[in-house]
Each structure stands twice: as structure tokens, then as C-alpha cells.
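Here, each number is a calculation from the coordinates, and none is a lab measurement. Fair warning: this is a prediction, and the values are worked out from it, not measured in the lab. As a convention, Cβ positions derive from the backbone with ideal geometry for all residues, glycine included, and neighbour counts pool all protein chains shown.
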Amino acid sequence: MRKIWWLVISVVSVGLLAGGGHLVWRIFFLRPAPPPSTVTSPSSLKKVNELELAKRPFVALLPHPDPSQCSGVDLVIENLKNGETLAEYEMEYNAGPLIQGVFGRREFTKQGAIHQPLLFGSCSKSKCKCDQDISGGNLTLNFMAKEDYALKSDFTLQTVGEAEKLGSTDARLSVAPGTALPKGTEVIIMKTMGLPAELTGEVVAGPYGIFVPQGVTARGEMPLVLQGKEEGKLMFWNGKTWQELKAEVSDGKISSAIPNVGVVVLVK
């Protein structure tokens, strides 16, 4: 009889242990899945270069060679039309096989502010780590205005004397500086995003800016070629006024000459 009772107790104990173990296993390993978290969609990104040309500011990058620190560019933003208060800039540039970046902001509410150049490298105290073999890059500007907008443009950085002709990133514009610019002069060619001053007519190509360091001027005309099938008047901004250039059209290209560095645009 005792054996029967011990057998019953053993069976019940094993059952309780098994049930308890199963309960523990359910508690610790079969916990209900947490409710799915709410996924929020990212804020809408500003679309680039959607603002019409006539409403855009004029943007220029001037080479800024400086033997005391790293070379770089002077960022010029002028002819604002949309109540802009601030621009955040991001400049990426090619340094040999590397892509480097410069980030910052430009406030337009401070009159007479002195802006430091954007350097191809970094300086701390008296030590600089400079990038080499800069060939060009791109510039993105995010403007805070009555209605925020973003602009982007590519640029090339070339040196007079290293090549017979200097060209734009889209290969449509080329300039032959010859002896008009001193050998070793750095030249930036870029789309200027907007126009430096009001211009009559519809822009069909450009505006292209040919820029050199401040204080450098051409000592003669420089042959220029614009590739494309568009027709119109080739206009040149000399820093003060627009002037129409004499041009010849043949084989899908417009040939002319510019009297100095500046902005070139084709209008009809």
C-alpha cells in the first residue's frame, strides 16, 4: 500500500514540476510581443534648384591662395531677393582620390560681417594640415527665407599653365587663358546659381562664372567656346554691367572671346 502511495505522490510531483517548469518557461520565454512602435516618416527634404533663376541669389567661389595657411575659396553670396536671413553651406571637394568637406553658415542680418575663407584643410593655432591636388567639387546652400529653398552647383579648380584650356564640369564651356592670366593663377569655373544683376531675355545656357583670386585681372582677351545647339545672344558681366559679346556659331558651338574674368550667359 505504501508503494502505491509513493507511486501516486511521485507521479503528482513530477506532474507539478513539469507544469511549473512549463509555466516558468512561458513566463520568461513566451512573453507577449510588445506593441509595434509608431514609425514616424522623416521630415520632407527641400528640393534642390527648384527656385526659378530670376529669384535666386548670385553665388561665386573665388580662389583664395594663402602661403601662410591652407588655400581655399572666398564664398560670395549677393543679390538676395527672398528675405533670406541665413544660409547653411556644405562644400565637398576632390583632393586627389579623397573627397573632403567644409561646413558652416552665413548670416545675412549682420551688416559688414567679415567672412573667413573656406579652407582646403584645417588649421589649429600655428599648425595646418592642408589637402593637396584640389580639382573641384560641389557647393550646396540651404537658405532660410520667407520660403526656405536649396541650391547646388558644381565647380572646377584649375591652374593656368597646366592645361591649354580650362573647362566647366559639364564640359560645355571652355576658356583658353593663354598669356592673359599669369601662369600659376588658380581659376574656378562654376554655375553661379543665379544672376549678378537683372538681365533681359530668357536664359538658355549658364550662367557660367570664371573666377580668379581677388586683385587678379586679365591682360587681354581670352577665347571662349560654348557647346550646344541653343541660339541667342552671348552676354558677359564684367562686374558692373552686361555687355553683348561678338560670337560665331558653327557645328553646334558658339565661339567668342571675353575681355576679362566674369560671368557668361546665353539668352534669347
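Rg to Rh ratio, the range 119-190, alpha-carbon atoms and Kirkwood radius? Before the final figure, lay out the partial values.
On the way: Rg = 16.1 Å, Rh = 14.7 Å.
Rg/Rh: 1.10.
Once the Cα gyration tensor of the range 114-251 is diagonalised, what are the square roots of 5 times its eigenvalues, in whole Å and ordered largest first, as equivalent ellipsoid semi-axes? All intermediate terms of the calculation are to be shown ahead of the outcome.
Working: eigenvalues 153, 98, 42 Å².
In descending order the semi-axes read 28, 22, 14 Å.
Out of residues 5 or more away from Tyr149 or on other chains, whose amide H comes under 5 Å of its own, with H placed 1.01 Å from N in the peptide plane?
Distant-sequence amide H within range of Tyr149: Phe143.
Which of the peptides 255-264, 219-228 is most tightly packed, and how do the rest follow, going by the mean number of other Cβ atoms within 10 Å of each residue? Please report the intermediate quantities before stating the final value.
Working: 255-264: 19.8, 219-228: 16.6.
Averaged packing, sorted descending, gives the order 255-264, 219-228.
Please state the Cα pair-distance histogram of the range 57-110 with 10 angstrom bins from zero: what percent is in each bin?
19, 47, 27, 7
Please list, in order along the range 181-187, the HN-Hα scalar couplings obtained from phi with the Karplus expression 6.51 cos²θ - 1.76 cosθ + 1.60 (θ = phi - 60°), rounded to whole Hz, x for Gly and Pro.
Calculated HN-Hα couplings, in order: 10, x, 4, x, 5, 7, 10 Hz.
Arranged from highest to lowest average of other beta-carbon atoms within 10 Å per residue, in what order do the peptides 207-215, 123-131 appear?
207-215, 123-131
Please list 3J(HN,Hα) in residue order for the range 132-149, calculated via the Karplus relation 6.51 cos²θ - 1.76 cosθ + 1.60 where θ = phi - 60°; whole Hz, with x for glycine and proline.
For the range 132-149, the Karplus-derived couplings read 10, 6, 6, 10, x, x, 8, 10, 10, 10, 10, 9, 9, 8, 4, 10, 4, 8 Hz, x marking Gly and Pro.
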